[in-house]
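Structure record follows, encoded as structure tokens.
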Amino acid sequence: MSRIVSRPVARAAVVLSCLAWGAAAAVLPSFAAAADAYPVRPVTILVGTAAGGPVDVSARIAAEGLAKRWGQPVVIENKVGASEGIAASQVSRAAPDGYTLYVSSTNPFTNNPFLFTKLGYDPAKGFASIGGISEIPMAFVSNPKAPFQSMASLVAYAKAHPGELSWASAGVGTMNHVAGEWAAADAGIKVVQVPYKGSGPALTAVVSGDTPYGVVSLVQALPFVKNGAVRMLAVTTGKRTSMAPDVSTVAESGVPGFDLAIRTVMTAPAGTPAAIIDKLNADLNAVLQSPEIKAKFVGLGADVIVTSPAELTALLEKGRADIGRVITNAGIKPE
């Protein structure tokens, strides 16, 4: 009896299996076809910062290149607020079809989870990584009269004079602040942060000697380095930057694993088809590697960063772990 029953079940299983494979075969080409045709209408990029800032300008440079490549309009919408969180929330709830994208700094994914109790989005699961766009390196700089001439000698001096050195940041909770706290903690020194309202005022404080050193935007510091008003101690990126190739990194100066910059990245809502993500990544990377686009980023004081989706995901995960540790241990709270 069991044999009589089992045979029809087996046949049914085979039939269902064939139907399932047929359905999958029908669906898979449709995704591929959609990706090949994408985009067939305007694409919107949400930016969480005001027009004219580094993130906004990076988004507009990338958007211009993509619009030319696609033959479709790419519209920038600035949704300012909550440290880029308003835009992040809107994108995370958008249809995952590739027509709503998000260009942001890494802050919404790495810093905000440790600075705000309510985000309105999931920084780890709410987005699909597309690729990096640019990075603006920061630099540790000192007043020429400061009693140290390198990052290593700064650390040695601070260890000999615990709690006596002050340093200038661009404000509480900024990447500059995180950089200074990270370096101090991992180097084992006690120094006093003096927050200013931006990288420019922080640099002015170092030039005037109000603070012996500070963490500022590299591109802002370079003219002052050239005229001798400040001394460059180290850059914050994991690798040396093309804008100051002779300057050591913080990691090379005794803080292994240190890698921090003001980075701009592109993501999409979670669930966006992999075929569309792959096309977006390929097109974005092609745009970023064009000499014309690279020159525009150099004018912004930025290096182009080209990644795969997986590499961007890994970068954000590492950043969330590293920055979360620093913010938590330093007790950094938003102002």
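Looking only at the range 115-137, count how many residues are of a type in the set (A, V, I, L, M, F, W, C) and at pLDDT 95 or above.
Quick first cut of the range 115-137, residues of a type in the set (A, V, I, L, M, F, W, C) only: 115-116, 119, 124, 127-128, 130, 133, 136.
This time we only want the ones that are at pLDDT 95 or above, so: 124, 127-128, 130, 133.
Residues meeting the conditions: 5.
Of the residues making up the range 204-216, those that are among the hydrophobic types (A, V, I, L, M, F, W, C) and either surrounded by fewer than 18 Cβ atoms within 10 Å (Cβ to Cβ) or over 21 Å from PRO245 (Cβ atoms) (or both) are ALA205, VAL206, VAL207.
Contact annotation: residue pairs with Cβ atoms under 8 Å, 6 or more positions apart or on different chains, pairing a residue in the range 224-237 that is basic (Lys, Arg) with a partner that is modelled with pLDDT of 95 or more, are ARG231/VAL141; ARG231/SER142; ARG231/ASN143; ARG231/PRO144; ARG231/ALA146; ARG231/VAL225. Residue check: GLY52 meets all listed conditions (1) touching a strand residue (DSSP E or B) at 6+ places or on another chain (Cβ under 7 Å); (2) modelled with pLDDT under 95; (3) surrounded by fewer than 19 Cβ atoms within 10 Å (Cβ to Cβ) but one, namely (1).
Yes or no, residue by residue, for (1) among the small types (Gly, Ala, Ser); (2) touching an Asp or Glu at 6+ places or on another chain (Cβ under 9 Å):
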position: GLY120; (1), (2): yes, no
position: ALA128; (1), (2): yes, no
position: LYS145; (1), (2): no, no
position: ALA170; (1), (2): yes, no
position: ALA184; (1), (2): yes, no
position: THR204; (1), (2): no, yes
position: THR211; (1), (2): no, no
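None of THR117, THR100 is open to solvent by 30 Å² or more (accessible area, probe 1.4 Å) and within 24 Å of LYS279 (Cβ to Cβ) except THR100.
As a summary of the residue check, VAL219 satisfies the conditions (1) under 20 Å from GLY132 (Cα atoms); (2) open to solvent by 10 Å² or more (accessible area, probe 1.4 Å); (3) in contact with a strand residue (DSSP E or B) (Cβ under 6 Å, 6 or more places away or on another chain); (4) assigned to a helix (DSSP H, G or I) except for the one numbered (3).
The values are calculated or read from the model by the stated rules, or taken from the named source; none is laboratory data. All of these numbers come straight from a predicted model, not from anything done at the bench. Backbone-built Cβ (ideal geometry, glycine too); neighbour counts: all protein chains shown. To get the accessible areas, we keep the full protein, side chains included, count just its heavy atoms, and leave off ligands, DNA and RNA. Shrake-Rupley method; radii C 1.70, N 1.55, O 1.52, S 1.80 Å.
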